[in-house]
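Every read-out reported here was derived from the displayed coordinates using simple, explicitly stated rules and does not represent laboratory data. A quick note: this is a predicted structure, and the numbers were derived from the prediction, not measured. FYI the Cβ positions are ideal-geometry reconstructions off the backbone, even for glycines, and counts take in every protein chain you see.
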Amino acid sequence: MFNRRFFDSVRHRLINVMSPSLHSSTSAKSGPKDGLVVFIDYQNFYFFLKTAFEINPRQVHLPNLIADLAAENGHQVSEILLFTGVPDEARDSLGANIIQRRMAFFRHCGIKVFTAPMAYIRDRKTGKTRAVERGVDVMLASELIKRVNAGASKILLISHDKAFSQSVRIAADVSMGNGKVLEALSIIPEGLDFEVLRDRGIGVEGVDFTRRIGISQEMLARHISEKEPKDQADSFVATETAG
């Protein structure tokens, strides 16, 4: 079910960071006491907003939406980490410009942004080149476990990528080793027909080993700007270009 290469990548990336601290003490570690640490798989969430709720994701004030979602579920956000692929400027100058400006806005809002260059794969049958993310999932999983190892005990994972389920499970074990119980949350759509969404290939299950919390059309409406973004091109999410 889960990609072994993915977990091996996470394990190798974390072993040098975590091993010394895991063996140095059995006492609970310091970290955010009450705050919720939020991890956003941005391209996955972008696709979710666009296809499930049929809205322009770039019109959503993401920091305010996350704060509202957390507050509605009895939490206060202490940190937001966002992970995304970035198009190559030589191949897709417009897409690269859009995402760079968007990430600059997120950083201005206090979000910690993690990026990786998009990989470009040529389809031999169609002759087209498809842009895909590479390494973003490993970055997110690594940072998640590192934050939990540092003391975070409440996390929200915004993604429908089921590969993260085992990362949450590992994080829960790490938290238990630190004398804490991890409270892990993920999102699901609220007020929509799940069967219709499944038929359209849209994730509705959230992430295993988490408590699912709903995000609704009404909540999103509170954080959508009526003003259209200056740049109308929607080329961020996995694009195809002529070979």
Inset, instruction - Would you mind computing, in nm to one decimal, how far apart the modelled labels at TYR120 and SER93 are, each placed 7 Å from Cα along Cα→Cβ? - result: 1.4
Legend entry - In nm, spacing of pseudo-spin labels at ARG169 and GLN100 (7 Å Cα→C-beta vector): 4.1
Legend entry - Order by protection proxy (mean Cβ within 10 Å, highest first), peptides 188-200, 38-50: 38-50, 188-200
Inset, instruction - Return, ordered by residue number, the residues of segment 150-192 whose backbone nitrogen is under 16 Å from a label point located 7 Å along Cα→Cβ of ASP208. - result: 160-173, 186
Legend entry - Orientation-averaged projected area, Cα convex hull of segment 31-242 (nm²): 12.2
Inset, instruction - Over all directions, average the projected area of the Cα convex hull of segment 48-103 and note it in nm². - result: 4.9
Inset, instruction - Could you go through segment 64-77 in sequence order and give the Karplus-derived ³J(HN,Hα) for each residue, using 6.51 cos²θ - 1.76 cosθ + 1.60 with θ = phi - 60°, rounded to whole Hz, and x for Gly and Pro? - result: 5, 4, 5, 4, 5, 4, 5, 4, 5, 10, x, 10, 10, 6
Legend entry - Rough spin-label spacing in nm, given labels placed 7 Å along Cα→Cβ, for GLU218 and GLU72: 0.8
Legend entry - Antiparallel bridge percentage (DSSP; both residues within segment 31-242; nearest 5): 25
